[in-house]
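**Student:** Here it is, the structure in full.
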Amino acid sequence: MKLFADIGNSLMKAAVNDGSALREVYYGPAEIEPFRDALKGFTIDGGMWCTVREIDTDLSSFLSSMSMVQLTHETPVPLKNLYSTPQTLGMDRLAAAVGAWSLKQGHDLLVIDMGTAVTFDLVTAAGEYAGGNIAPGVALRFSSLNEHTGRLPLVDADGPTPRFGLSTTDSIRSGVIRGINNEINGYILDLKEFFPSLFVFLTGGDIKFFDMNCKSGIFAVANLVLKGLACIFDYNEKS
């Protein structure tokens, strides 16, 4: 059974593939003990993992002990990477791009990952990873307003988001949540001028804050990074 793991800035996700489908088996801190406990009962004989930060040597050794390989900028992938500094590209971004491409090959794609950061990545119909942008995520926007001002409170993301807030709390929450929604919609509208048949993939822990109502051509896909890791692993196995 193959295992795929995505280690983010805040949490770690992992899924097994028994040959038919991915099944999430872990979502929690990037720590060896709870991760090892979650894998009890599974026989892992390979897979792939990626990380956006340095991790404990115990955890990396545990991943290696299961014959898992780390995705790096030197790993062959089924997309042509146009990034000018591939060694600085977050491997979660590349994996998500491959995951989206596996679902809609031959189409122009915008991949939006709403995590600690919000990333916007473009894949062309020709199978090229054409770069992207990085912006602060939901939690970072709330914490920045609190930490870099004198009197603005730290606000919980869950709650009402009126068009215009009638309290400071609602004003902050609406500004952050509606701001991100407008930002995403702005990217989509802008890119559709150049790529009229654009498909959009949303993933990440904060996609619940995006209004999906009446949005055609937009797909919410959980674990898109893990799906991409599985595709890259298979691509290299067949090469």
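**Student:** Name every residue in the range 147-173 that is over 16 Å from Ile207 (Cα atoms) and surrounded by 14 or more Cβ atoms within 10 Å (Cβ to Cβ), in order of residue number.
**Tutor:** Within the range 147-173, Leu152, Val155, Gly165, Thr169, Asp170, Ser171, Ile172 qualify.
**Student:** If you don't mind, another one. From (1) surrounded by 16 or more Cβ atoms within 10 Å (Cβ to Cβ); (2) farther than 18 Å from Phe4 by Cα, pick out the condition that doesn't hold for Asp211.
**Tutor:** So Asp211 meets the others, but not (1).
**Student:** With the structure loaded, tell me whether Ser102 is more than 25 Å from Ile218 (Cβ to Cβ), in the same structural domain as Ser197 (by TED's automatic domain parsing), modelled with pLDDT of 95 or more and not in a loop (DSSP other than H, G, I, E, B) or whether it fails that test.
**Tutor:** Judged against the criteria, Ser102 is not a match.
**Student:** Restricting to the range 37-57, give me the number of residues that are modelled with pLDDT under 95 and not in a loop (DSSP other than H, G, I, E, B).
**Tutor:** Selection size over the range 37-57: 1.
**Student:** A further question follows. If I filter the range 4-16 for residues that are part of a loop (DSSP other than H, G, I, E, B) and under 19 Å from Lys238 (Cα atoms), do I get at least one hit?
**Tutor:** no
**Student:** With the requirement that a residue be exposed (fewer than 14 other Cβ atoms within 10 Å of the Cβ) and in a helix (DSSP H, G or I), what does the range 58-85 give you?
**Tutor:** Our first condition is that a residue be exposed (fewer than 14 other Cβ atoms within 10 Å of the Cβ); within the range 58-85, this holds for 58, 61, 64-65, 67, 72, 74, 76, 80, 82, 84-85.
Listed by number, the residues that qualify are Asp58, Ser61, Ser64, Ser65.
Residues checked against (1) closer than 15 Å to Tyr235 by Cβ; (2) over 18 Å from the mean Cα position of the chain (by Cα):
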residue: Val77; (1), (2): yes, no
residue: Leu82; (1), (2): no, yes
residue: Gly90; (1), (2): no, no
residue: Leu94; (1), (2): yes, no
residue: Ser102; (1), (2): yes, no
residue: Gly106; (1), (2): no, yes
residue: Val111; (1), (2): no, no
residue: Met114; (1), (2): no, no
residue: Ala125; (1), (2): no, yes
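**Student:** Please work out which one of (1) within 18 Å of the chain's Cα centre (by Cα); (2) touching a residue at least 24 places away in the same chain (Cβ under 8 Å) is the condition Leu63 fails and give its number.
**Tutor:** (1)
**Student:** I'm trying to understand the selection: among the residues of the range 105-114, which are surrounded by 19 or more Cβ atoms within 10 Å (Cβ to Cβ) and outside any strand (DSSP E or B)?
**Tutor:** Asp108
**Student:** Pull out all pairs, ordered by first then second residue, where Cβ-Cβ is under 6 Å, the residues are six or more apart or on different chains, the first lies in the range 215-239 and is closer than 17 Å to Lys104 by Cβ and not assigned by TED's automatic domain parsing to the domain that holds Asn182, and the second is assigned to a strand (DSSP E or B) and modelled with pLDDT of 95 or more.
**Tutor:** Qualifying pairs under 6 Å: none.
**Student:** Can you pull out the residues in the range 176-201 that are within 23 Å of Ala126 (Cβ to Cβ) and among the hydrophobic types (A, V, I, L, M, F, W, C)? It would help to see each step written out before you state the result.
**Tutor:** Let us first name the residues in the range 176-201 that are within 23 Å of Ala126 (Cβ to Cβ), namely 187-201.
Listed by number, the residues that qualify are Ile188, Leu189, Leu191, Phe194, Phe195, Leu198, Phe199, Val200, Phe201.
**Student:** Right, Pro34: closer than 29 Å to Tyr129 by Cβ, at pLDDT 95 or above and not basic (Lys, Arg) or not?
**Tutor:** no
**Student:** Right, another one. Restricting the range 210-239 to residues that are among the polar types (S, T, N, Q) and modelled with pLDDT of 90 or more, which is farthest from Pro196 (Cα to Cα)?
**Tutor:** Among those residues, the one meeting the criterion is Asn236.
The values are calculated or read from the model by the stated rules, or taken from the named source; none is laboratory data. Given the structure is predicted, the values throughout are model-derived calculations rather than measurements. In this analysis, Cβ positions are derived from the backbone assuming ideal geometry, glycine residues included, and neighbour counts consider all displayed protein chains.
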